[in-house]
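Beneath this line is the structure, given in structure tokens, with notes to follow.
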Amino acid sequence: MADARPFHWEFTPPAVPREIFRVEGGRPLHGRLAVSGSKNAALKLLAAATLTGERCRLTNVPEIEDVRVMAETLRDLGVVVDHPEANVYEIASGDVDWLFVPLEAAARMRASFILLGPLLARFGRVIISNPGGDRIGRRPVNLHVEAMRALGAQIDYRNGYYFARAPGRLRGGEVVFPTVTVMGTENAILAATLAEGTTHIRPAAQEPEVDDLIAFLRKMGADIERAAPDTIVVRGQRRLRGAEHRVLPDRIEAGTFVVAAAITGGEVTLEGAPCEHLGAFLGVLAEVGVAVACGRDTIEVRGAPPGSGAYRAVDIATDAYPGLATDLQPPTCVLLSQASGTSRVHETIFEDRLEWLAELARMGAAVEMADPHHAAIHGPARLHGADVEIGDLRAGASLILAALAAEGTTTIHGAHHVRRGYENIERKFQELGARVTRLPEPGTAEGMAPPTS
Ligand code: UD1
């Protein structure tokens, strides 16, 4: 592996308009809300559609920035991506002639790396930017690269790019991960569908979004099964065909709105809600004392008023599915700020995922950080309005939650991060009676700032 300094050393990520959320707290949320399609599933399904030259149709695709970036990245490759109506994408990858995923795509969205597996499997080569790169070393892609090598790919790393080739065809093989990885598992599955022979992947991620990808690939003619919960077997095919698929509901969005009702003393019914994918999270809610009822595809939540002390402190630890999702850690922390006693939080997946608690503390939460993976939250806190800054998508949505439960007005800077993964979040909150508005960042004449990755 070459060790040269990347030629994107001076690279500045593409600018996006800087925005704020303004939230007036203290209003209980009431009403019904339809859950959108899953971001983390939709991005992989769009990538999977490049495995065939035939037309694929995806419905219930969330209208979010990350999907737009993936669609644009595919179009730059020469893929035809139509968006005939809201939440519907049609993809035709007949003439892909530009097998290059540039840093511009990777810097805007780390999930662009999911294109490695399908492009390599179908076209035998791809040059793809390292999304971890030198700017954000905490999100490596080494496991994706090793998985491709286990399937016979030759991959060199030069100047910030992976140059991947599969002379002839990828070969089925044993993909053994040292740790569970969601996108690593998905990249291995995508590559193996067109490899010669059989591939075993273990430990394979068990997230519902991985199963949604498998369901779509099966419709495309792929031969994939879970031999055990953590082993996936893929028998490679010569070619796949076009297919249609409805993206599964977003369990993280659902969890976010469950907490919104719980902490404002509201009553909300979520429609099209994936109760069966929220087991560990609902277990925490039950321990905390939130009244939640699951229907066939609904979740009803009845909350306690902020600061009432009706909720109990609990200790939580994030984990790979079926454990508590790291993406639901921030909303759960907001809930725990309203629970009586001390809750301990152990973030096991990512080392920077607790940093946002400093912003929650500015709103009056009593937070103690032990180290980057451990925090204690003492409650119940009377949250108050403040000026806070969003660092990433999930933390951003959770600061809105805290602001809804707070007294007074909160200004949340960096609102554009939330658009990456939540479809029209302010409108959804407004429909439930919240006072949330998204505005251009005052004082930024050009209104531009770099996005996160
Ligand atoms: C996916 C989700 C993200 C979620 C995460 C964990 C998408 C687009 N994103 O991210 O929302 O928070 O799962 O549920 O689906 N790792 C390595 N080397 C690698 C890959 C991962 O060391 O090559 C490490 C990561 O740093 C992390 C752990 O493995 O500590 C798990 O990460 P992973 O499951 O791969 O997360 P993503 O698939 O990137």
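Taken together, the values in this text are just the output of simple stated rules run on the coordinates, not laboratory data. Everything numeric here is computed off the predicted structure, so don't read it as measured data. Ideal geometry is used to build each Cβ from the backbone, glycine not excepted, and the neighbour counts take in all protein chains shown.
Placing a pseudo-label 7 Å from each Cα along the Cα-to-Cβ vector at THR348 and THR409 gives an inter-label distance of 4.4 nm.
If you model segment 324-453 as an ellipsoid using its alpha carbon gyration tensor, with each semi-axis the square root of five times an eigenvalue, the axes come out at 24, 17, 14 Å, biggest first. Shown for the chain: cysteine residues without a partner Cβ closer than 4.7 Å, namely CYS56, CYS333. Axis angle, to the nearest 10 degrees, between helix 279-288 and the longest C-alpha principal axis of the chain: 10 degrees. With neighbours defined as other Cβ atoms within 10 Å of a residue's Cβ, the residues LEU404, LEU357, LEU99 order from fewest to most as LEU99, LEU357, LEU404. Placing R0 at 30 angstrom, the Cβ-Cβ distance between ALA215 and ASP315 gives a FRET efficiency of 0.30 after rounding to 0.05. With both labels modelled 7 Å from their Cα along Cα-to-Cβ, the ARG302 to GLU63 distance reads 3.5 nm. Annotation: average projected area of segment 39-246 is 9.9 square nanometres, based on the convex hull of Cα atoms across all directions.
When both segment 70-103 and segment 346-382 are represented by their alpha-carbon centers, they are found 40 Å apart.
In segment 39-246, the DSSP beta bridges split such that about 75 percent are antiparallel, to the nearest 5. What residue among ALA192, SER38, ALA280 has its Cα farthest toward the positive end of the dipole of the chain, where the charges are +1 on Lys, Arg and -1 on Asp, Glu, each on the Cβ? Final value for the positive-end residue is ALA192. Here ARG420, ARG55 are placed in order of increasing Cβ neighbour count within 10 Å, fewest first, which gives ARG55, ARG420.
Rounded to the nearest Å, what's the spacing between the alpha carbon centres of segment 195-269 and segment 54-68? Just the number, please. About 15 Å separates the Cα centre of segment 195-269 from the one of segment 54-68. Across the alpha-carbon atoms of the chain, the computed radius of gyration and Dmax are 21.8, 66 angstrom. In segment 39-246, a dipole from Cβ-located charges (positive for Lys and Arg, negative for Asp and Glu) runs towards its positive end, and of PRO102, THR181, GLN237 it is GLN237 whose Cα lies farthest in that direction. The label point for ALA286 and the one for ARG239, both projected 7 Å from the Cα toward the Cβ, are 5.0 nm apart.
One decimal place: the segment ASN424-ASP82 gains 121.0 nm when fully extended, by the rule 0.36 nm per residue minus the C-alpha distance.
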